[in-house]
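The next block holds one structure in the form of structure tokens; read it before the comments.
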């Protein structure tokens, strides 16, 4: 064997040993990704093996799914609670709600109920705002009317009372005036009656006086005629 | 060199080449395994909060000329992998990692998609730009509706949620957009914690408000805020999947659970508010009912008074009518009497005139008689007086 051969054999030995050492190093320092899940982990170290990571990902994935489902349910519950509250607020405080009805909308028909005894749901402890069968009656045993409607009725009645009182006063004054006129006219009628009676008496007196005067005229005419006849004997009256 | 030496030489060279090939294959396999492992770790723990290079270099297809340079690119990217920390990664790892993210959402804006980012804050910045461009491009009700759509899921208290709903009802898109951007700013540029060393009774409330409004204690809190912001921007499945990749499954689950609890608390608060609404309603309803009963009594009394007064007025009218009839009768009677008296007077006048004429005639006749008697007397005395 030549020197070159010996050198090559020696280099092959060195390289072989080196490759063997490297192979042993690579094996001993192989990544732990495919190791089984360790039983315990030292504090501060997070072993990274696929089995553990996959298990954790699976577990967290399932937890995420469950959490998302729960999130969705709670959000739906929140939205439902908000909608329920909004609906109830509308039914209680809205423009067409129970308070508005109790105050009296312009469209409320007289006689229609405005107040209700609302039953309470024992489980939810909330009033059933849709159950309006039990109508509240007023002191007149009729359905209690809205306050606004009652106020309007009171205002209208007050106005009517004021007008009627004013009219009554005017009528009383008219009565007084008419009474005075009646008394005055009665007095005048009485006076006229007295005058008529006097006139009638006067007429009766004049009638008898008229007879006397007629008699008197006939008498004096007869006397004149008598004198004229006597004077005719003496040649007639003096011219 | 003998024939044996030459054969050994060739065999050695072949063995060297074989070992070299095996070493390269081993290195590649290790890189692939390590990349898969890092992706697993990232999926569990999420991207780093900050750092890295944005944007990620454009992906180069395997086999193209620039792929070698692309594959050799190292992005700063610190991630804890077991006891060691990886300081750099290949952009290809991120492209592969985000290839599994959700498809773009069906809404008016695509938040999801496979675009890779190197950190959670980079994702926040990316989404912020998309959201801001989208919201600022709208106005009026559309702006309010869109901004509220992003904000309503973010609310951490019923007060915040109610404010957003109130602004949405008022269609105040500008204010909603401002509050939305403020949430991004709180994550991207968190203010420092207020100085609590000089706490006095007078400034306690102000400091507490300042503390609550923004300051963050540490990186953990920033991660919490970033995760909350990202998770609740959109409830679509695609976006949620991408968010899991960005913040990690652990943080995602915690964030979702925390918000679930908040939703539960909010729902409980809403139910309490509904009960309070009912209490207020019951009070006002009872007050109105009492008032209505009272007013019904007054209205009934007023109605009776009115009826009584109307009856009185009717009587007054009847009495007036009676008086008017009475007066008319008297006036008629008076007129008749006057007519009679006038007739009597006229008759009396005529009678008196006639009597006057007759009396005058009588007077004249008497005067004539006196003259005739005197004449007769004179003539008789003249004739018979001498005898």
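The values are calculated or read from the model by the stated rules, or taken from the named source; none is laboratory data. Predicted model, so just to flag it, every value in this text is computed and none were measured. Quick reminder, even Gly has a Cβ in these numbers, built from the backbone with ideal geometry, and neighbours come from all protein chains shown.
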### Query
Quick one: residue A:142 ticks every box in (1) more than 9 Å from chain B (Cβ to nearest Cβ); (2) surrounded by fewer than 16 Cβ atoms within 10 Å (Cβ to Cβ); (3) within 28 Å of the chain's Cα centre (by Cα) bar one, so which box is it?
(1)
### Task
From the list A:112, A:130, pick out the single residue that is over 19 Å from residue B:283 (Cβ atoms) and in contact with a strand residue (DSSP E or B) (Cβ under 9 Å, 6 or more places away or on another chain).
A:112
### Task
May I ask you to verify whether residue B:306 is within 7 Å of chain A (Cβ to nearest Cβ) and assigned to a helix (DSSP H, G or I)?
yes
### Query
Within the stretch A:89-99, is there a residue that is surrounded by fewer than 19 Cβ atoms within 10 Å (Cβ to Cβ), at the interface with chain B (Cβ under 7 Å from one of its Cβ atoms) and closer than 21 Å to residue B:236 by Cβ?
no
### Task
Sort out which residues of the stretch A:87-112 are without any contact (Cβ under 8 Å) to a residue 12 or more places away in the chain, over 23 Å from residue A:150 (Cβ atoms) and touching a helix residue (DSSP H, G or I) at 6+ places or on another chain (Cβ under 9 Å), and write them in order of number.
A:89
### Task
Only one of these is touching a helix residue (DSSP H, G or I) at 6+ places or on another chain (Cβ under 8 Å) and either more than 9 Å from chain A (Cβ to nearest Cβ) or free of Cβ contacts under 8 Å to residues at least 60 places away in the same chain (or both): B:382, B:339, B:378, B:368. Name it.
B:368
### Task
Would you point out the residue of the stretch B:194-219, among those that are touching a helix residue (DSSP H, G or I) at 6+ places or on another chain (Cβ under 7 Å) and farther than 24 Å from residue B:233 by Cβ, that is modelled with the highest pLDDT?
B:199
## Note on the structure
Selection over the stretch B:263-297 where residues are surrounded by 15 or more Cβ atoms within 10 Å (Cβ to Cβ), more than 7 Å from chain A (Cβ to nearest Cβ) and farther than 22 Å from residue A:123 by Cα yields a count of 0
#### Entry: Only listed residue being surrounded by 14 or more Cβ atoms within 10 Å (Cβ to Cβ) and at pLDDT 95 or above, chosen from B:242, B:254, B:223
B:254
### Task
Quick one: count up the residues across the stretch A:113-135 that are surrounded by fewer than 17 Cβ atoms within 10 Å (Cβ to Cβ), in contact (Cβ under 8 Å) with a residue 12 or more places away in the chain and in contact with a helix residue (DSSP H, G or I) (Cβ under 8 Å, 6 or more places away or on another chain).
1
